[in-house]
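One structure below.
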Amino acid sequence: MFEEFVAKRKVLKLISDRTLDGKETTFRSLNRELDLTEEAACSHLKRLWNARLIETTSYRLKGFEFRLRRGESIREVRFRLNRRGKERLAWYAKDNDDAWSW
């Protein structure tokens, strides 16, 4: 079975919408709302977090603001869109070129 390709832009938009609604986003949110596998949802969150387009909603120790602690799973972390993520969505809207999505 082949899964539909889900662009970073679509995932970022969902996180943006949830953030505006005062909701946090987890891998389960992406799994449920975008029909992604759990692994794909986790992978999207890791990439967006690593690119600093989303941030965690809980306090993080210095040095772990954008990475997991030893033994921590991405499945335990809750996210929201940050300023840089908003800027990226604005760039997508201005550029309107899906070729840059991954």
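Sort out which residues of segment 46-96 are aromatic (Phe, Trp, Tyr) and surrounded by 11 or more Cβ atoms within 10 Å (Cβ to Cβ), and write them in order of number. Trp49, Phe64, Phe66, Phe79, Trp91, Tyr92 - these are the residues of segment 46-96 that are aromatic (Phe, Trp, Tyr) and surrounded by 11 or more Cβ atoms within 10 Å (Cβ to Cβ). With a requirement of 3 or more residues that are under 12 Å from the mean Cα position of the chain (by Cα), among the basic types (Lys, Arg) and modelled with pLDDT under 95, the helices (runs of 4 or more DSSP H) lying completely within segment 6-102 that satisfy it span 8-20. Look at (1) within 23 Å of Leu20 (Cα to Cα); (2) touching a residue at least 12 places away in the same chain (Cβ under 8 Å); (3) in contact with a Phe, Trp or Tyr (Cβ under 9 Å, 6 or more places away or on another chain) and you find that Arg60 fails only one, number (2).
The values are calculated or read from the model by the stated rules, or taken from the named source; none is laboratory data. Predicted model only: the values in this text are computed from it and were never measured. Quick reminder, even Gly has a Cβ in these numbers, built from the backbone with ideal geometry, and neighbours come from all protein chains shown.
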